[in-house]
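This report concerns only the one structure given below.
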Amino acid sequence: MAMLEVKNLGISFGGLKAVNNFGISIEKGSLYGLIGPNGAGKTTVFNMLTGVYKPDEGLIFLDGKNITGKKTVDINKAGIARTFQNIRLFKDMSVLDNVKVGLHNHHKYSTIEGILRLPRYFRVEKEMNERAMELLHVFGLENVRDFKASNLPYGEQRKLEIARALATEPKLLLLDEPAAGMNPNETGELMEMIRFVRKEFDMTILLIEHDMKLVSGICEELTVLNFGQVLAAGKTSEVLNDPKVITAYLGE
């Protein structure tokens, strides 16, 4: 059984069909790419997978469980986490606290325990601090744990956003254009980091990206969207040599 199974997904805005009859099947442990020209519908698909948009039609299954149309928080608890093309951090919070926000899915204390500072509050806070520091160490951010997130360099903000997503302990990680705004050296480091996350966390990853070098370098399989419809899908080498895909990109 595929970890993520999407069937006949569709959504319209103002009468315009943004995504039509979209389907994808991703096995556990895969590093899968979703590519396409600007405006093809890639982020719209991510928004439906994560509950930002409710699809007009179609079904979404995670590990066989129907999560179609559920709220974002419930989809996250079910096991899907994401990053955004435009980085969304709590910029006035510290690096450490940004990661701890993600940990609240699995480390909890009641409001009363927090207000009264009961023993469980201190125990849970200690656990979250330790786990957050472990994640920051993975991304080389432990020495900036007390910095405001907004004061980090762009590339480190990208790393922090991924660390926060991983703090929710997802089964499936969605990365929306993680290389956006990066120079070639930073993109190379990002590729290594994505490979590391996949191996270290036994993570299944679905990646939206425009950088064809990055996609061809790390994704085993691809789906190509164009005007909201699947143009091609399959093994990366085959898809990137498909004349329909080449035409779509040359005409971008």
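Considering the conditions (1) open to solvent by 20 Å² or more (accessible area, probe 1.4 Å); (2) farther than 19 Å from Asn98 by Cβ; (3) touching a residue at least 24 places away in the same chain (Cβ under 8 Å), Leu172 is excluded by exactly one of them, (1).
Every residue, every condition in (1) aliphatic (A, V, I, L, M); (2) in a helix (DSSP H, G or I); (3) touching a strand residue (DSSP E or B) at 6+ places or on another chain (Cβ under 7 Å), yes or no:
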site: Ala132; (1), (2), (3): yes, yes, no
site: Gly155; (1), (2), (3): no, yes, no
site: Glu161; (1), (2), (3): no, yes, no
site: Leu174; (1), (2), (3): yes, no, yes
site: Gly181; (1), (2), (3): no, no, no
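With respect to the conditions (1) farther than 24 Å from Gly234 by Cβ; (2) among the hydrophobic types (A, V, I, L, M, F, W, C); (3) open to solvent by less than 20 Å² (accessible area, probe 1.4 Å), Leu49 falls short on a single one, namely (1). If you go through region 55-75 and keep only what is surrounded by fewer than 20 Cβ atoms within 10 Å (Cβ to Cβ) and either on the phi > 0 side of the Ramachandran plot or in contact (Cβ under 8 Å) with a residue 24 or more places away in the chain (or both), you end up with Asp56, Glu57, Gly58, Leu59, Phe61, Asp63, Gly64, Gly69. Only one entry of Ala40, Ala2, Ala18 meets the criterion of being over 26 Å from Ser237 (Cβ atoms) and small (Gly, Ala, Ser), and that entry is Ala18. The numbered conditions (1) over 22 Å from Asn76 (Cα atoms); (2) crowded, with 19+ Cβ neighbours inside 10 Å; (3) at pLDDT 90 or above; (4) not small (Gly, Ala, Ser) are all true for Asn151 except (2).
The requirement of being under 16 Å from the mean Cα position of the chain (by Cα), more than 29 Å from Pro243 (Cβ to Cβ), among the polar types (S, T, N, Q) and open to solvent by less than 10 Å² (accessible area, probe 1.4 Å) is satisfied by Thr204. Being over 21 Å from Gly29 (Cβ atoms) and open to solvent by less than 10 Å² (accessible area, probe 1.4 Å) is a property that does not hold for Val197. Screening region 207-217 for residues that are over 11 Å from the mean Cα position of the chain (by Cα) and open to solvent by less than 10 Å² (accessible area, probe 1.4 Å) and picking the one that is farthest from Gly181 (Cα to Cα) gives Val215.
Taking the stated definitions as given, is Arg131 without any contact (Cβ under 8 Å) to a residue 40 or more places away in the chain and crowded, with 16+ Cβ neighbours inside 10 Å? Outline the logic, then answer.
Working: without any contact (Cβ under 8 Å) to a residue 40 or more places away in the chain: yes; crowded, with 16+ Cβ neighbours inside 10 Å: yes.
It is true that Arg131 is without any contact (Cβ under 8 Å) to a residue 40 or more places away in the chain and crowded, with 16+ Cβ neighbours inside 10 Å.
Among the numbered conditions (1) over 19 Å from the mean Cα position of the chain (by Cα); (2) open to solvent by less than 30 Å² (accessible area, probe 1.4 Å), the only one that Arg145 does not meet is (2).
The values are calculated or read from the model by the stated rules, or taken from the named source; none is laboratory data. These numbers were taken from a predicted model, which means no experiment stands behind them. Every residue, glycine as well, gets a Cβ built from its backbone with ideal geometry; the counts of neighbours run over all protein chains shown. With ligands, DNA and RNA removed, areas are computed over all heavy atoms of the protein, side chains included. Shrake-Rupley method; radii C 1.70, N 1.55, O 1.52, S 1.80 Å.
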